[in-house]
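Below is one structure, written out as structure tokens; the observations come after it.
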Amino acid sequence: MDTKIEMTDRQTLARLGDRLARHRLNLNLTQAQLAREAGVAKRTVIRLENGESSQLANLIRVFRALGLLAHFDALGPAPLDSPIDQLKSRAKERKRASPAAKKLEPSETWAWGGDKHKNGKKS
């Protein structure tokens, strides 16, 4: 979409509505069929295609029904971390593996209070 900053809201909505209508027609759907599949009123589809204001939830439903929901990422890409946050996250990354922990074996003989035990049994 060659959207220019100078476009008014009305022009942007009209361009979006035109593209929705063309996509619907390419799928050979009537406005009523699209409305039924999207779970919205036919009037909502008409309003969107005419570039009139509508609720964002309705636009999402129509995009989903047209198979265009994956394109929403292009409307608002995920923000990038600041350079400081990127450095902090790198500091937390593991740089090397640690050696395997040695398994501690119980000593063969130990004494407690003068008694001799072998592997935990009194001798």
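Computed values, structure above
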| read-out | value |
| --- | --- |
| Any hit, region 43-56, residues being modelled with pLDDT under 95 and in a helix (DSSP H, G or I) | yes |
| Members of region 57-67 found to be on the phi < 0 side of the Ramachandran plot and not in a helix (DSSP H, G or I), listed by number | none |
| Residue under evaluation Ala91, criteria (1) modelled with pLDDT of 70 or more; (2) in a helix (DSSP H, G or I), criterion not met | (1) |
| Complete set of residues in region 68-83 that are in a loop (DSSP other than H, G, I, E, B) and exposed (fewer than 11 other Cβ atoms within 10 Å of the Cβ) | Gly76, Pro77, Ala78, Pro79, Leu80, Ser82 |
| Every pair of residues 6+ apart whose Cβ atoms lie under 7 Å, when the first sits in region 66-85 and is within 14 Å of Leu16 (Cα to Cα) while the second is part of a helix (DSSP H, G or I) and among the polar types (S, T, N, Q) | none |
| Test: residue in region 54-65 that is open to solvent by 50 Å² or more (accessible area, probe 1.4 Å) and more than 21 Å from the chain's Cα centre (by Cα) | yes |
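The values are calculated or read from the model by the stated rules, or taken from the named source; none is laboratory data. Computed from a prediction, not measured in an experiment: that's the story for all the values here. As a convention, Cβ positions derive from the backbone with ideal geometry for all residues, glycine included, and neighbour counts pool all protein chains shown. Side chains are part of the model used for accessible areas, which takes the heavy atoms of the whole protein and leaves out ligands, DNA and RNA. Shrake-Rupley method; radii C 1.70, N 1.55, O 1.52, S 1.80 Å.
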